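The structure under discussion appears below in the form of structure tokens.
Bear in mind that the values in this text are calculations on the coordinates, not laboratory data. Predicted, not measured: the structure shown is a model, and the values here were computed from it. Backbone-built Cβ (ideal geometry, glycine too); neighbour counts: all protein chains shown.
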Amino acid sequence: MYSYNKLLGAMREKRTTQDELALTIGMSSATLRSKLKGATQFKADEIQRIMTALDLPMENVVAYFFTR
């Protein structure tokens, strides 16, 4: 299972709630919460939309989405 602590930290830094991020990337809040809890995995296009929405560099994607 992956840890999304760094992603959650980036959301706090950007002052973005899970609900706001979900709306921005076109995902339901419940789905985003499920993925952040590790119940389901993020798809590549979802990861890209999140990185873009939070203005995070794609070269750091591993740190935000693939840390155990």
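Please list, ordered by first then second residue, the pairs with beta carbon atoms under 6 Å, 6 or more apart or interchain, first in segment 21-49 and closer than 14 Å to VAL61 by Cβ, second among the aromatic types (Phe, Trp, Tyr).
Taking only residues 6 or more apart or on different chains, the pairs are ILE47/PHE65.
Of the residues ALA10, ALA63, only one is part of a helix (DSSP H, G or I), surrounded by fewer than 14 Cβ atoms within 10 Å (Cβ to Cβ), of a type in the set (A, V, I, L, M) and in contact (Cβ under 8 Å) with a residue 40 or more places away in the chain; which?
Values: ALA10 fails: surrounded by fewer than 14 Cβ atoms within 10 Å (Cβ to Cβ).
ALA63 is the lone residue from the list that is part of a helix (DSSP H, G or I), surrounded by fewer than 14 Cβ atoms within 10 Å (Cβ to Cβ), of a type in the set (A, V, I, L, M) and in contact (Cβ under 8 Å) with a residue 40 or more places away in the chain.
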